[in-house]
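Below is one structure; the comments refer to it alone.
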Amino acid sequence: MDIISVALPALGDAAGLILQPIVLGYLVLGVVMGLCVGVFPGLGGIAGLSLLLPFMFGMDPVLGLALMIGMVAVVPTSDTFASVLMGIPGSSASQATVLDGFPLAKKGEAARALSAAFASSLFGGLVGAMFLTVFILVARPIVLEFRTPELLMITIFGLSMVGILAGRVALKGIAAAGLGMMIGTIGEGDSAGELRMATYDMPYLVDGLKLVIVGLGIFAIPEIVALLRRDKSISDRSPLGGGWLSGVRDWFANIWLSVRCSIIGVIVGVIPGLGGSVVDWIAYGHSVQTTKDKSKFGSGEIRGVIGPESSNNAKEGGGLVPTLLFGIPGSGSMAIFIGAIALLGSGNIEVGPSMLKNNLDITYAIVWLLALANVVGTLICIAASGGIARLTTIPFALLAPFLFMIISFAAFQSGQDIMDLVALFAIGFLGIMMRRFDWSRPAFLIGFVLSNPAETYANQAVQIAQSRFRKSFEEGIDYIFSPIVIVLIIITLISVVLGLRQAKTIMAEGAVESGAKRAPLIFLLVVLGYLAVAFTNAAMIPDYAAADRVFPRFVSGVAIVACVILLVQMMIRPETHALFADREASEVDANAHGLWSTLAWFAGLLILTSLLGFILALAIFLFCFIKYRAGRSLGFALVYTAAGIAFMCAMAGLLNRDFPQGLLQSFMDLPWPLT
């Protein structure tokens, strides 16, 4: 009866909400933006949504959702360009596509590979949207029974999956998630408002770090720096060749493989934190196992494209299940998505059971938007393929300063403080190190996002349980160990056991060769040192605010234990072990520039901004970078600089935003945009 009386009318209301010209316009805009982001390897949905975060505040909920869903849905489609045309995984969910997509492109069959991938992506996206619709219909009555203990347990389940299934070394995943949670506890405590790892002498940290800064720093900056160090264009070929219809026929001939891999994508996407890290490898493995002639895989087998591309789009629908129903991000991009939803409208939309109860029409609007975005995204990707293929031949040294300019502007909008740029640089450096030593960045980001709800649920559950136990022991036990909680505990234990058995075969961000012991060991010691300081800082919180010290002490304690075990293992394991994964060992021949010299350019922009303000610093940075780092002529550098400054000013004027000020602005009264 609930389906007939509540759900079906909500589905109709959702259709009415999105079938408006302005909503569809925002959806197309989001798709185009997602296409632009997805083309650049490594940026993906996390960086794209992070760029949108500052502009979500107060936006009409339906319009904001259309913009975000458009971007989220198309990134797994558009990242295929990088995998097929460049031989570089467009994101963690398109690694397997490289194995057969790139060899097809080298054979002159790029169009065939792309069209098969787009058809598979469209089908997978629609399967994901269909699954989400059915799951919400079936699960809504159960989810509405969730109280604080159930929400706390589902959060713990999500964190356990993030930690265990984050990479080949399970302890690294646990430590990464713990580090993310501890970074998330910086600032005022949830219960009594006591400061943790912050001081009123530095007001910036009192409110904690902003999600947009952490998202951009931990994902976008490491990939930009990695590509920039190679000092060449992303791809050395632009012709796509023929075979667009041939690729569609290939997909139709293997439609049952696409169906099976789409289902795999949905199932894997439902598991919090697993999603994009492994879904393509699972689907690729299934494609190999179900093919009689396995000899062509790795050299241009079209089934090696269809399988992964079907699964990585379907996982978005699966990832929205824990995100919308429980507020548990199913992936890194879903973690950003949760933060963005809270900013929409008057801020009264909250993912989880309350959304299903109070905003069911909005929930189903997301489903409809997801299906529409996949259709629109596929059509635009096909239409734009020729131009994008030519775009990838532009030297990345010309693209990197533009990308960093946009990222810096977006980070500053989160708090309108120059410390935003300092935090961006610091988190970006942490992201570079985590990428280098194969520490799971999705685990870190999801830990950061879940730190606040996990602490809130834990404090509330303890307080309510204490009051119930005062009434009677039976009532307290019934509150804590409800049937749903018991089921979730069993599921969590089973998932941890199975996860530990499978962790060695999971490569969160691709295969990373082992290097020497020294560098990975130093990074582990730095992480351990921070966790120890955070633990000590939390222990010093006074007794009258004891609730604010329990959560950070527990989390940092678990992470410290994981790091100590890792330290002992590093002492006894050989250098060939996965513990000592170091990308510098495998990329040393590909990198034309060192890490420190590349970071010096961005550090220079930060220093100049603190002295001269953002616009003047940006003008100097752009000119010098293009003239000396990219090696272009004086005239080209001047035109590039002028175009960049004009773009920034137009964006700031359109959005009514300001730029970071420096010491110069405190001595001189300068006109906008210099002020």
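The values are calculated or read from the model by the stated rules, or taken from the named source; none is laboratory data. Since this is a predicted model, take the numbers as computed values, not measurements. Methodologically, a virtual Cβ is constructed for each residue, glycine included, from the backbone with ideal geometry; neighbour enumeration extends over all protein chains shown. Calculation scope for accessible area: heavy atoms of the full protein, side chains included, ligands and nucleic acids excluded. Shrake-Rupley method; radii C 1.70, N 1.55, O 1.52, S 1.80 Å.
Computed values, structure above
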read-out	value
Candidates Ala538, Ala443 - the one that is assigned to a helix (DSSP H, G or I), at pLDDT below 80 and surrounded by 12 or more Cβ atoms within 10 Å (Cβ to Cβ)	Ala443
Residue pairs meeting the criteria (Cβ under 6 Å; at least 6 apart or on separate chains; first among the β-branched types (Val, Ile, Thr), in region 96-121; second open to solvent by 10 Å² or more (accessible area, probe 1.4 Å))	Val98/Gly87; Val98/Pro89
Output for region 85-108, where each listed residue is modelled with pLDDT under 70, among the aliphatic types (A, V, I, L, M) and under 21 Å from Arg230 (Cβ atoms)	Met86, Ile88
Candidates Ala600, Ala559, Ala585 - the one that is at pLDDT 90 or above, within 30 Å of Glu513 (Cα to Cα) and in contact with a Gly (Cβ under 9 Å, 6 or more places away or on another chain)	Ala559
Region 62-72, residues that are closer than 19 Å to Leu17 by Cα, in contact (Cβ under 8 Å) with a residue 60 or more places away in the chain and among the aliphatic types (A, V, I, L, M)	Val62, Leu65, Ala66, Met68, Ile69
Leu19 crowded, with 24+ Cβ neighbours inside 10 Å, at pLDDT 75 or above and over 23 Å from Phe404 (Cβ atoms)	no
Where a residue in region 407-426 is modelled with pLDDT of 75 or more and its partner, wherever it lies, is surrounded by fewer than 21 Cβ atoms within 10 Å (Cβ to Cβ) and of a type in the set (Phe, Trp, Tyr), with Cβ under 8 Å and at least six apart	Asp417/Tyr204; Met419/Tyr204; Ala423/Tyr204
Hits in region 579-591 (condition: part of a loop (DSSP other than H, G, I, E, B) and in contact (Cβ under 8 Å) with a residue 60 or more places away in the chain)	Asp582, Ala590, Asn591
Selection within region 592-619 - assigned to a loop (DSSP other than H, G, I, E, B) and open to solvent by 20 Å² or more (accessible area, probe 1.4 Å)	Ala592, His593, Gly594
Residue that is surrounded by the most Cβ atoms within 10 Å (Cβ to Cβ) [pool: residues in region 181-227 that are part of a helix (DSSP H, G or I) and more than 21 Å from the chain's Cα centre (by Cα)]	Leu205
Positions within region 414-424 being crowded, with 20+ Cβ neighbours inside 10 Å and not in a loop (DSSP other than H, G, I, E, B), in sequence order	Asp420, Leu421, Ala423, Leu424
Subset of region 541-567 (residues that are surrounded by fewer than 18 Cβ atoms within 10 Å (Cβ to Cβ), more than 23 Å from Val462 (Cβ to Cβ) and either in contact with a strand residue (DSSP E or B) (Cβ under 9 Å, 6 or more places away or on another chain) or in contact (Cβ under 8 Å) with a residue 60 or more places away in the chain (or both))	Ile565
Qualifying positions in region 323-349 - modelled with pLDDT of 75 or more and open to solvent by 10 Å² or more (accessible area, probe 1.4 Å)	Ile338, Gly339, Ala342, Leu343
Unique residue being open to solvent by 60 Å² or more (accessible area, probe 1.4 Å), assigned to a helix (DSSP H, G or I) and either closer than 30 Å to Leu152 by Cα or at pLDDT below 90 (or both) when the list is Val497, Val527	Val497
Residues satisfying the stated conditions in region 574-618, i.e. of a type in the set (A, V, I, L, M, F, W, C) and closer than 24 Å to Leu525 by Cβ	Ala578, Leu579, Phe580, Ala581, Ala585, Val588, Leu595, Trp596, Leu599, Ala603
Cβ pairs under 7 Å, 6+ apart, first in region 367-385 and hydroxyl-bearing (Ser, Thr, Tyr), second at pLDDT 80 or above	Thr378/Phe118; Thr378/Ser121; Thr378/Leu122; Ser385/Leu114
Residue that is surrounded by the fewest Cβ atoms within 10 Å (Cβ to Cβ) [pool: residues in region 624-637 that are of a type in the set (Phe, Trp, Tyr) and within 21 Å of Ala592 (Cα to Cα)]	Tyr628
Test: residue in region 243-264 that is farther than 26 Å from Ala176 by Cβ, at pLDDT below 70 and not hydroxyl-bearing (Ser, Thr, Tyr)	yes
Single residue of Ala643, Ala650 found to be in a helix (DSSP H, G or I) and at pLDDT 85 or above	Ala643
Near pairs, Cβ below 7 angstrom, 6+ apart or cross-chain, from region 456-471 (under 20 Å from Ile328 (Cβ atoms)) to any residue that is assigned to a helix (DSSP H, G or I) and modelled with pLDDT of 80 or more	Ala458/Phe551; Asn459/Ala547
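Per-residue answers, yes or no, for (1) touching a residue at least 40 places away in the same chain (Cβ under 8 Å); (2) over 27 Å from Phe102 (Cβ atoms); (3) of a type in the set (Lys, Arg):
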site	(1), (2), (3)
Leu195	no, yes, no
Thr199	no, yes, no
Leu205	no, yes, no
Leu211	yes, yes, no
Val214	yes, yes, no
Gly217	yes, yes, no
Ile221	yes, no, no
Ile224	yes, no, no
Arg229	yes, no, yes
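Residues are listed down the side, and each one gets a yes or a no for (1) open to solvent by less than 30 Å² (accessible area, probe 1.4 Å); (2) at pLDDT below 75; (3) within 25 Å of Met33 (Cα to Cα); (4) of a type outside the set (A, V, I, L, M, F, W, C):
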site	(1), (2), (3), (4)
Val268	yes, yes, no, no
Ile271	no, yes, no, no
Trp281	no, yes, no, no
Glu301	yes, no, no, yes
Ile366	yes, no, yes, no
